[in-house]
Amino acid sequence: MLFLARDGMRGHLVDVETQTVLRNYAIGEVATNALAYSPISQAVIAHQTRNCALFLSAATQQPLQRSFTPELVTSCAVTQCGTFMVAGTANGTVFLWNLQSGDLIKSCKGHLRAVHCAAISADDSLVATVSEDSVCKVWDLATLASLRMREVVPRCIFNAHSLAVTCCTFLHHSNVLLTGSSDRPLPSRGPPHRGAAPLRHRR
């Protein structure tokens with residue numbers, strides 16, 4: 001299945017084998033990198049530009065649920081296990097939600113400007129965020145998910161770009177990270193090695 005968010009405030013669920021549209025959704029405007037699939041709820045999570053996350057399923061025309069977010073989410077990614085969703089915002093904040101409970105586990109000021117993309121490694125151990133501030137940061141997911149650690153620092157920071165970093169992805173089954181920027185081709189980076197409920201937010 002392929003989910004497409006198109007101009008005109010509509011989303012389409014497409015069967016890539018038959019190339020047919022299975023379902024159409026009225027979803028409003030969605031941020032470019034703010035779509036993710038949740039294995040737990042078997043739904044696409046689409047973050048609207050009005051601070052609302054829609055959970056969309058192939059089984060129903062209407063969203064399974066709507067959840068409001070404390071800031072405008074501009075990028076997101078879900079772990080392979082489906083338990084956690086990391087999200088970056090227009091203000092540079094990095095959020096981590098538990099999708100099973102809906103609880104906001106962590107909120108930290110990750111970047112100085114908008115987060116353009118978030119990625120999670122295949123083994124669910126690392127989280128990468130890239131931003132308009134030209135910086136790429138890699139975080140330990142275990143640290144972000146820890147309820148006892150309030151202050152979170154990145155595992156490593158890459159600042160070789162001079163312009164906005166627009167995209168990032170981990171190579172499959174690898175901790176090698178690719179970043180794309182407005183200033184140069186994709187460089188690869190290897191981080192140093194060491195030995196479906198409503199989303200909630202604190203007011």
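Among the GluC sites (Glu not before Pro) within segment 1-100, those in coil by DSSP and having at most 15 neighbouring Cβ atoms inside 10 Å are E17, E29.
Along segment 16-27 the Karplus relation, 6.51 cos²θ - 1.76 cosθ + 1.60 evaluated at θ = phi - 60°, assigns HN-Hα couplings of 6, 6, 9, 6, 10, 7, 7, 7, 10, 10, 8, 10 Hz to successive residues, with x for each Gly and Pro.
Stokes-Einstein D for segment 4-43 at 37 °C, 0.692 mPa s, Kirkwood Rh over Cα pairs, in µm²/s?
So the translational diffusion coefficient is about 292 µm²/s.
The loop-placed trypsin sites (Lys or Arg not before Pro) in segment 1-107, going by DSSP, that have at most 16 neighbouring Cβ atoms within 10 Å of their Cβ come out as R50. Converting phi to 3J(HN,Hα) with the Karplus coefficients 6.51, -1.76 and 1.60 and the offset θ = phi - 60°, segment 74-89 yields 10, 7, 7, 8, 10, 5, 4, 6, x, 7, 10, 10, 9, 9, x, 10 Hz in sequence order, with x at every glycine or proline. Dipole magnitude for the chain: computed about the Cα centre from +1 point charges on Lys and Arg Cβ and -1 point charges on Asp and Glu Cβ, it is near 540 debye. Report the normalised scattering of segment 29-92 as log10 I(q)/I(0) at q = 0.18, 0.25, 0.27 Å⁻¹, calculated by the Debye formula with identical scatterers on the alpha carbons. The Debye formula, applied to the Cα set alone, gives -0.58, -1.08, -1.21. Over segment 77-180, all Cα pairs binned in 5 Å intervals from 0 give whole-percent P(r) values of 2, 14, 26, 26, 20, 9, 2, 0, listed from short to long. The alpha carbons of the chain occupy a box of 44, 39, 30 Å along the principal axes, longest dimension given first. In the chain, helices alone account for a calculated mean residue ellipticity at 222 nm of -500 deg cm²/dmol, with every DSSP H run of four or more residues adding -39,500 (n - 2.57). Annotation: amide H of K106 within the under-5 Å range of L96, sequence separation 5 or more or interchain, hydrogens built in the peptide plane. How big is the gap, in Å, between the Cα center of segment 1-49 and the Cα center of segment 92-168? Rounded to whole Å, the Cα centres lie 23 Å apart.
Taken together, the values in this text are just the output of simple stated rules run on the coordinates, not laboratory data. Everything numeric here is computed off the predicted structure, so don't read it as measured data. Cβ sites come from the backbone with ideal geometry, for glycine too, and all protein chains shown count toward neighbours.
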